[in-house]
Amino acid sequence: MALAEDIEMVRGHVTLGRRHIAQQRERISELERLELPTDRAFELLELFEGMQDLHEMHLSRLLAKAEERGLDTGHRLQP
């Protein structure tokens, strides 16, 4: 797989991960509102956040590699 394709794939992972984290936070808020247990929901959120950190680090490394090679990556890592 070419570097540009890897970057686009990982960007997709980063975007999807952000969506999953936001959805999980909404679920936790709803559980709290209903006064239901949240321990497992928080555990899952921590897993999502850990995976997100890995995806974002991976994307950063790929973008740095592309920059070293003088490739135009189109976008930088977005916050």
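Assorted remarks:
- Of all residues making up the stretch 33-62, the number that are of a type in the set (A, V, I, L, M) and assigned to a loop (DSSP other than H, G, I, E, B): 2
- Top-ranked residue in the stretch 57-72 [being touching a residue at least 60 places away in the same chain (Cβ under 8 Å) and within 12 Å of I7 (Cα to Cα); ranked as surrounded by the most Cβ atoms within 10 Å (Cβ to Cβ)]: A66
- Residue in the stretch 4-14 that is assigned to a helix (DSSP H, G or I), in contact with a helix residue (DSSP H, G or I) (Cβ under 9 Å, 6 or more places away or on another chain) and surrounded by fewer than 15 Cβ atoms within 10 Å (Cβ to Cβ) present: yes
Computed from the coordinates by the stated procedures, all read-outs in this text should not be read as laboratory data. Remember, it's a predicted structure, so these values are computed and weren't measured experimentally. Positions of Cβ are backbone-derived with ideal geometry, glycine not excepted, and every protein chain shown enters the neighbour counts.
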